[in-house]
Amino acid sequence: MPRYALLVLPATNRVYAEASIDLTRAELGVFSAAVLDGRLTDVAEERLGGVPYVTFGVAEPLGARDVAYLSQLSSEYALFELREQRELSGEGSGAPVLSPVTLTPLDQFDDDLLTIQKYVGKTNEFFTKLLLNVTVLASASAGDMLDRRLRILDPLCGRGTTLNQVLMYGWDAAGIEIDGKDVEAYSGFLRTYLKRKRLKHQAELTPIRRDRKVLGRRFHVTLAADKAAYKSGDALDLTVVNADTRRARDFFRSGSFDAIVTDAPYGVQHGSRSGGPGELSRSPLDLLSAALPGWVDLLRPGGALGMSWNTHVARREDAAAALTAAGLEVCDDTAYLGFRHRVDQAILRDVLVARKPRG
Ligand SMILES: C[S@@+](CC[C@H](N)C(=O)[O-])C[C@H]1O[C@@H](n2cnc3c(N)ncnc32)[C@H](O)[C@@H]1O
């Protein structure tokens with residue numbers, strides 16, 4: 001049976017790196033179930049030459065499309081087919097020989113789009129990619145992720161880590177953020193980035209008015225990885241609304257997103273603003289319950305919502321109950337239960353993914 005060995009990126013920060021092998025195993029499980037017909041077996045951690053790899057077996061060698069899916073794994077550095085010396089030359093030992101498999105990531109831009117911004121409260125970019133992957137893989141758009149431009153919303157978007165990863169995949173991105181400073185910082189970063197990289201774009205930050213009232217501000221950008229795509233009208237679309245996420249329906253069309261992906265406030269760096277002006281609560285549950293009806297309305301039937309949060313401030317059962325109460329079906333198959341990991345002393349992060357019924 002062909003076997004493969006996946007090397008995890010060394011760039012994951014120290015704390016995340018401790019969890020990254022287990023998270024990669026869990027993420028592989030989700031890819032396998034969603035788009036590889038469950039063909040990956042024996043997903044395990046194995047040391048080769050003293051270095052940890054995630055290894056797996058598959059009945060037939062991986063095809064080009066299988067490799068294309070697996071090229072999107074969030075912490076992947078390299079993928080090898082594993083053979084034994086004996087198997088290759090008919091002699092020698094059973095020592096492993098690693099043959100590199102060429103990866104085909106969707107990446108449209110340089111990876112510094114994800115790494116330049118550094119600030120307190122930033123969600124780790126590798127984890128953000130994992131959350132995006134496992135959410136899209138739970139949605140009706142899973143089989144399209146390599147072929148179609150998806151549209152993704154982060155309704156608590158901070159300074160845009162999810163949005164940047166969505167752009168990186170060549171998809172359209174939208175975000176909502178209540179903190180004006182975050183929206184300004186993100187707008188400043190993205191404009192500078194696009195200029196410095198000489199990427200064709202148009203960007204504007206404008207007030208959103210309705211019935212002569214200002215409802216918030218909108219940062220809107222059209223951009224493309226190359227001039228030809230921009231000229232032919234094939235530009236990516238990014239919209240960030242500076243407003244309260246509980247009003248999400250005021251800003252986006254019903255049923256217009258393939259997936260919603262968000263890292264909820266941790267009750268440490270950020271509070272959830274769910275009560276009166278300026279009120280902060282430690283648990284994101286009140287905010288979730290208030291915002292979910294709007295978020296679910298924005299999802300296409302068959303769309304999925306994936307969120308991460310700090311289990312020290314809200315229990316998994318309670319967060320799952322909030323998603324169920326909003327009409328979503330929580331994914332509770334084993335593949336989706338392996339994402340809990342420690343971020344620091346105060347944060348034990350977990351992931352919940354849920355689907356909107358196809359109707
Ligand atoms: C964990 S942070 C997200 C960080 C983001 N993923 C990043 O890397 O920049 C959660 C965000 O939710 C925002 N937030 C909290 N309550 C909100 C509300 N009612 N409406 C919109 N945004 C809110 C906070 O200001 C914070 O930026």
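Okay, here's what the table says:
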item	result
Value of [θ]222 nm, deg cm²/dmol, for the chain, DSSP H segments ≥ 4, -39500 (n - 2.57) each, nearest 500	-9000 deg cm²/dmol
Distant-in-sequence amide H partners of Glu84 (H built 1.01 Å from N, under 5 Å)	Val97
Extension reserve of the Ala290-Arg247 stretch, reckoned as 0.36 nm per residue once the Cα distance is removed	14.5 nm
Nearest 10 degrees, 0 to 90: helix 285-298 Cα axis against the chain principal axis	90
Partner aspartates and glutamates for Lys213 [C-alpha distance under 16 Å; skip if fewer than 8 residues away on the same chain]	Asp244, Asp250
Unsatisfied cross-links (Cα-Cα over 26 Å) in the set Lys197/Lys231; Lys200/Lys356; Lys181/Lys227	Lys200/Lys356; Lys181/Lys227
Length gained when the stretch Thr324-Arg65 is fully extended (0.36 nm per residue, less Cα-Cα span)	89.8 nm
R0 of 41 Å, Cβ-Cβ distance Thr311-Ser89: FRET efficiency to nearest 0.05	0.20
Of Gly90, Gly338, Gly216, the one that fluctuates the most in a GNM where the chain has Cα springs shorter than 10 Å	Gly90
Fraction of antiparallel bridges per DSSP, the stretch 112-355 only, in percent to nearest 5	65
Using alpha-carbon coordinates, inclination of helix 316-325 to the longest axis of the chain, degrees	60
Stretchable slack from Arg149 to Thr41, in nm (0.36 nm times residue separation minus alpha-carbon distance)	35.8 nm
Candidate aspartates and glutamates for bridging to Lys195, where Cα separation is under 17 Å - those fewer than 8 sequence places away on the same chain excluded	Asp110, Asp111, Asp112, Glu184, Glu204, Asp226, Asp237
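Every number here is computed from the coordinates shown, using simple stated rules; none is lab data. Predicted model, so just to flag it, every value in this text is computed and none were measured. Ideal geometry is used to build each Cβ from the backbone, glycine not excepted, and the neighbour counts take in all protein chains shown.
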